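I have placed the structure first, in the form of structure tokens, so that the comments after it can refer back to it.
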Amino acid sequence: MADVPPPSHELLPGDPGSPVILHVPHSAREIPAQVRSGIVPQGAELERELDHITDAHTAEIAEAAARAAGVVPWRFVNRLSRLVVDPERFPDEREEMLAVGMGAVYTRTTHRKVLRPDGFDPEPLVERYFRPYARAMTEAVADRLAATGRAVIIDVHSYPSAPLPYELHGDGPRPEVCLGTDSFHTPPELLAAAREAFAPCGRTGLDSPFAGTYVPLEFYGKRAEVTALMVEIRRDTYMTEPGGPAGPGLRRLAASLAALVDAVSG
């Protein structure tokens, strides 16, 4: 039987009146067989790379937050590993992570080793996975705009407690919760709500070690009604690193994320 890739993304409906989309782009480990065959590391070596690169359990955090929220948010979840494509990268020369082989299609690992061979053509993966994902996320945001007059994208990520070699800005602070912002799409009230919601989880920092947030290009820098914030959770606060099980911190973080959802839903 031919390998049939699972759906690369899923939109999980929330309350019709909710403007909030919890975006979970990096939580999965699934790699279709035909994509895996083009990757140099295999077996235990590839599994170890997945341990490092995957934002483990972030889909579970978002799910628990959605259950706890007073107004259920929508969830847009990537069901494939970011080693297939990274839906949050620019697919062209605008992407600064190209400097370490991590554009929309990665060619290097977290430790700057070869992931895909030199000369690898990313375009088939971009066409098969990246562009449909971008279109679907654009449609999800447009739907919230049409239904509620606004959209609030909360990006749910995690990051390791110690910097990995691929990080371009790994020498800065690594708080328990890093809030990534955009000068156009992150209003002060959204940032303040996040700081308050995550206060029980420890320190919150701003744009270090990761900065920015995700907005579909159709709206980026154009529609102020689309607001966005990236929530980067330090992994040692809720799981065993790298790639291990979740612990009790997951429930606390989910409760804080639910509090943020409620604060921006009204």
Residue 63 accessible area, nearest 10 Å², 1.4 Å probe?
80
Inter-probe distance in nm under a simple model that places probes 7 Å from Cα toward Cβ, at residue 222 and residue 29:
3.9
Where in segment 204-233 does the label zone of residue 145 land, with the point 7 angstrom along Cα→C-beta and an amide N cut-off under 17 Å?
214-229
Measuring from the longest principal axis of the C-alpha atoms of the chain, the long axis of helix 188-198 (C-alpha) lies at a number of degrees, nearest 10, equal to 80
Rounded tilt (10° steps) of 249-265 against the dominant C-alpha axis of the chain:
50
To the nearest whole percent, what portion of all C-alpha pairs in segment 73-168 is separated by more than 15 angstrom?
67
If you average the C-alpha positions of segment 137-172 and of segment 191-266 separately, how far apart do those two centres end up, in angstrom?
8
In nm, give the distance between the simple-model label positions of residue 168 and residue 121, each being 7 Å from the Cα along the Cα-to-Cβ direction.
2.7
Report the relative contact order of the chain, percent, no decimals, based on alpha-carbon pairs under 8 angstrom and at least 6 residues apart.
24
Ranked by GNM mean-square fluctuation in the chain (Cα springs under 10 Å), the top entry among 37, 256, 158 is 37
Residue 20's amide H: which non-local residues (gap 5+, or another chain) put their own amide H closer than 5 Å, with H modeled 1.01 Å from N in plane and none for Pro or chain starts?
74, 152
Of 236, 182, 171, the most mobile residue in a GNM of the chain (C-alpha springs, cutoff 10 Å) is 171
Could you work out the pair-distance distribution P(r) of segment 1-155 from its alpha-carbon pairs, with 5 angstrom bin width and percents rounded to whole numbers?
2, 9, 18, 20, 19, 14, 10, 6, 3, 1
To the nearest 10 degrees, how steep is helix 43-53 against the longest Cα principal axis of the chain, on a 0 to 90 scale?
30
Mind telling me which of 210, 198, 184 comes out most flexible in a GNM of the chain, alpha-carbon contacts under 10 Å?
184
Tail weight of P(r) past 23 Å, computed on alpha-carbon pairs of the chain, percent
49
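The values are calculated or read from the model by the stated rules, or taken from the named source; none is laboratory data. In this text the structure is predicted, and so the values were computed from the model without any measurement. Here Cβ is always computed from backbone atoms with ideal geometry, including for glycine, and neighbour counts include all displayed protein chains. Ligands, DNA and RNA are stripped out before the accessible areas are found, and what is left, the full protein with its side chains, is counted by its heavy atoms. Shrake-Rupley method; radii C 1.70, N 1.55, O 1.52, S 1.80 Å.
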